[in-house]
Structure formats: C-alpha cells, structure tokens
1. With a cut-off of at least 1 residues that are at pLDDT 95 or above, more than 22 Å from residue 33 (Cβ to Cβ) and under 18 Å from the mean Cα position of the chain (by Cα), name the strands (runs of 3 or more DSSP E) lying wholly within segment 142-250.
2. Can you tell me which of 50, 118, 64 is at pLDDT 95 or above and within 28 Å of residue 153 (Cα to Cα)?
3. Does at least one position in segment 22-34 carry a residue that is in a loop (DSSP other than H, G, I, E, B), surrounded by fewer than 18 Cβ atoms within 10 Å (Cβ to Cβ), out of contact with any Gly (no Cβ under 7 Å at 6 or more places or on another chain) and not basic (Lys, Arg)?
Amino acid sequence: MSFTPKGIVVPVVTPLTAEGKFNEAAYRRLIDYLADNGIAGVFPFGTTGEFYAFDLDFYAHMLEVTKDAVAGRMDIYAGANDITTAGAAKIAKAVEKVGGIDALSVLTPMFVSQTQHEVYEYYREIASETSLPIIIYNNRPKTNVTVEPATVAKLAEIDNIIGVKDSTGDMTNTEEYLRLTRGKEGFHVMMGRDTLIYAALCYGASGAIASCANVAPRIAADIYDKFKAGDAAGALEAQFKFSQLRIATNMGTFPVVLKEALKLIGYDCGDCVKPIQPLSEEQRGKLRGVLTDMGLL
C-alpha cells in the first residue's frame, strides 16, 4: 500500500440544520477553513462526526460532498464503525463504492467485549473485504475494547492494514505500537489524543487525528509543521496552546464543546444529535475564555 497517513487529520464534525438535516453549506465552509490552515486530511464519520447517528445514505452523500469540497487539497479518510464484523464490512464496501477515498478508519466493536484473537479476526476479515488501506482505531475509553500492541504488530503483517490511531491517552501504549512495528515498512502510528501530539511525534508517530483541529486547525498544524522543521520549542508551545481546548471538551458530552466552539468563532455547524444537550451559559462563558486565550476570539 502506497498511502501514508501523516500530518494533522481532522475527524470533522457533521454539520446539521435545526431540523437535523445535513448542512452542506456549513460543511463546505468548514472544509475550506481546514484546507486554508495547514490540515493534511479530513475524516468524516469518526467519533467527532457522531457516526452512530446516521444511516448509509446520509454517509454516502456526505462523502460525495467531501470529495467535491476538498477538490484534491487534502487526503480523505472515512470511518467504518459497527458492533459486528459484517456491519463494518458493509460500510467499508459502501465507502469503496463511493470512490476517491484514500483510507478507512475502522473502530473496534463497541459494547461487546472481545478477546484479542477476536479483535484480530475482526480486522483481518474486514481487510479481506476491501482493497482500501485500513487504519485500526483504538478508542478504549469510548468502546471498552482495546487493541493490544502485540495484536497491532500481528495485524501490521496484513498488506492493506497500514496504520493505527491510538486514542487511549496511554502514552506507553502508543510507544509500544511504535516499538513493535518499527520493522513494518509502510505501517504508521497516528496519535488520537490531542494533548499528546508532540509527545507522539517525538517517539516517531507520523501525525495525529485531532478532533480539536476542527476549531483550531492552524494551531494543530503548527505542532506538526514546526516539529518537522526542527523547531521543537515552537511545536511544544503550539501543543500547550492546543491542549487547552482538548481539556475544555470535558465540560460537556463529546463533541458538544467542539460544535459550541465552532459557533463562537463563526462556523456554525448546528447542535449535536440528542440526547446530547447544548452547554449552559456558564460553560459557554468558560469556553469563550479558552478560545480567547488561544487567540481564536
């Protein structure tokens, strides 16, 4: 597989109208904002995109709009997430049918606890059902399922499994992914916790899939760009600034803080799908203070 996941990739929010319909105009404006501020890739239907709330027709339409709006300026990733192997494979095939997508991000199953053998078989079977490059997505805090480093090293032997996104927040886990796959040519580790991008780059990660980059794309891109340019101090300063927003997301149910922040900076993408509720006025005031400190307001 020739595709390399790298740089800052944004798991984009799904913009909605007041009636809960896809807000295409808001989405195209957001895509332009990201492309103009150093973002390497966009990723519809991740956790940040509330993938669990929409059907395949909605998803296919959003991917078509994504291709048109991106117009070759960024890589395009797509989520294929389900509780069952068959369900995730069905989504993968639908994404492949859309065409023009660079890679799939496949989350571990949710709710159902699995052995590592079952996790391995889950990814192996999905990889056999698609020709698209696959990035394993470990978000244990949300799914209560993990992909252990030894399992990732074994999955890295499969041709079209090209990387892993680590959203566990456990830097030792990320380090072990990197250590155990050092000899796997074409396999890459992407950080999935916004507060640990700089640390992951120091260990050798190829980039990050960063939810808060929806709101602060230039700051996120500075972490990566300055690090690659040899400006470690500048990259670390950008990380410290960026981390403020990630910590602020704990004020509400994810990803409500990101959608509220986008409204405050002039990119209204609507509300989250219920049961997620908007922030209180007090919380919104605190968020406004964070965005001001970051130079976004």
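The values are calculated or read from the model by the stated rules, or taken from the named source; none is laboratory data. Not measured: the values here are computed from a predicted model. Note: ideal-geometry Cβ built from the backbone for every residue, glycine included; neighbour counts use all protein chains shown.
1. 161-166, 188-191
2. None of the others qualify; the one that does is 118.
3. The answer is no, given that none of the residues of segment 22-34 is in a loop (DSSP other than H, G, I, E, B), surrounded by fewer than 18 Cβ atoms within 10 Å (Cβ to Cβ), out of contact with any Gly (no Cβ under 7 Å at 6 or more places or on another chain) and not basic (Lys, Arg).
Yes/no per residue for (1) farther than 19 Å from residue 166 by Cα; (2) in a loop (DSSP other than H, G, I, E, B); (3) polar (S, T, N, Q):
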{"position": "90", "(1), (2), (3)": "yes, no, no"}
{"position": "94", "(1), (2), (3)": "yes, no, no"}
{"position": "97", "(1), (2), (3)": "yes, no, no"}
{"position": "100", "(1), (2), (3)": "yes, yes, no"}
{"position": "104", "(1), (2), (3)": "no, no, no"}
{"position": "111", "(1), (2), (3)": "no, yes, no"}
{"position": "114", "(1), (2), (3)": "no, yes, yes"}
{"position": "120", "(1), (2), (3)": "no, no, no"}
{"position": "125", "(1), (2), (3)": "yes, no, no"}
